[in-house]
Amino acid sequence: MAAPPLGHLVLTHLLVALFGIGSWAAINGIWVELPVVVKDLPEGWSLPSYLCVLVALGNLGLLLGLLLLLPLPPSVPAEGAGLGLRVRAPGVEQEDEEEASPLQEPPSQAAGTTPGPDPEARGLLSARSACLLGLLAVTNALTNGVLPAVQSFSCLPYGRLAYHLAAVLGSAANPLACFLAMGVLCRSLAGLGSLSVLGMLFGAYLMALAVLSPCPPLVGTAAGTVLVVLSWVLCLGLFSYVKVAASSLLHGGGQPALLAAGVAIQVGSLLGAVAMFPPTSIYHVFRSGKDCVDLCGP
């Protein structure tokens, strides 16, 4: 089959990029507005947890359902809009099979010739792909469900400015990490795991601040404000880099790998959002503060 014209290919990728940009701009626009409206709406400080669940259900419902109805041209590589997955340009040679295609069957086996890797090596490839999918599920559960649901509880005790800076700079850290991954891509599972652990440490600090709300450590001080904002930026930046790197490594596996990555991303996001909804919005494990009332005094 002849390759499609270059102009058609560029237009298709441009439309996919605009679709992803539009969806992410809408979602991020809502999140950066939360510091302004969270104290004035009936949901109060629990409003972010409602949004996490609604966004996760929307991705698995009407948005995803409409995408499944669209035909996929055989000449256009499948890709996830807004997920930072790399697109292979026409004429670019296949990367190293062990690194770029952990879910793809070796060419020697696909052609019916002498098997290439032995069963032990194939098992290692399967374990590697499972680890990448696990990283995607866990990091998306944290960044799209668990941590955003308690962002108000971790930031608002330090004031609306801290919440505003954490929301805006945290959203900016996501694309910056994606651009960094395009230039410097970590292909080591150990490296990605280490970055994930470091991100979890910042996430644990933010979760501790939310649990101690409305009187977390260093409340009312500039140091506390700087720490909470810096923790949000570094946490989201590290997890964003891990997500893009894991997705890029799975990209070489073709449509099955991308499908598995998409399932891991959406399921992880949904589980994280649903898990945090009861403690934040039903049982009120996290306590909110009150305007003009000092709940942290002696």
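Observations
- For the range 1-30, residues that are outside any helix (DSSP H, G or I) and open to solvent by 50 Å² or more (accessible area, probe 1.4 Å) total 4.
- When Leu83, Leu60, Leu54, Leu64 are checked against the criterion of being assigned to a helix (DSSP H, G or I), open to solvent by 30 Å² or more (accessible area, probe 1.4 Å) and at pLDDT below 65, Leu64 stands alone in meeting it.
- Selection status of Leu161, over 18 Å from the mean Cα position of the chain (by Cα), among the hydrophobic types (A, V, I, L, M, F, W, C) and assigned to a helix (DSSP H, G or I): yes
- Selected residue (only one of Val242, Val226 is within 11 Å of the chain's Cα centre (by Cα) and modelled with pLDDT of 95 or more): Val242
- The set of residues from the range 141-154 being open to solvent by less than 10 Å² (accessible area, probe 1.4 Å), part of a helix (DSSP H, G or I), touching a Leu at 6+ places or on another chain (Cβ under 8 Å) and not aromatic (Phe, Trp, Tyr) comprises Gly145, Leu147, Ser152, Ser154.
The values are calculated or read from the model by the stated rules, or taken from the named source; none is laboratory data. These figures come from a predicted structure and were not determined experimentally. All Cβ positions, even for glycine, are placed from backbone atoms using ideal geometry, and neighbour counts span all protein chains on display. Note: accessible area is taken over every heavy atom of the protein model, side chains too, but ligands, DNA and RNA are not part of it. Shrake-Rupley method; radii C 1.70, N 1.55, O 1.52, S 1.80 Å.
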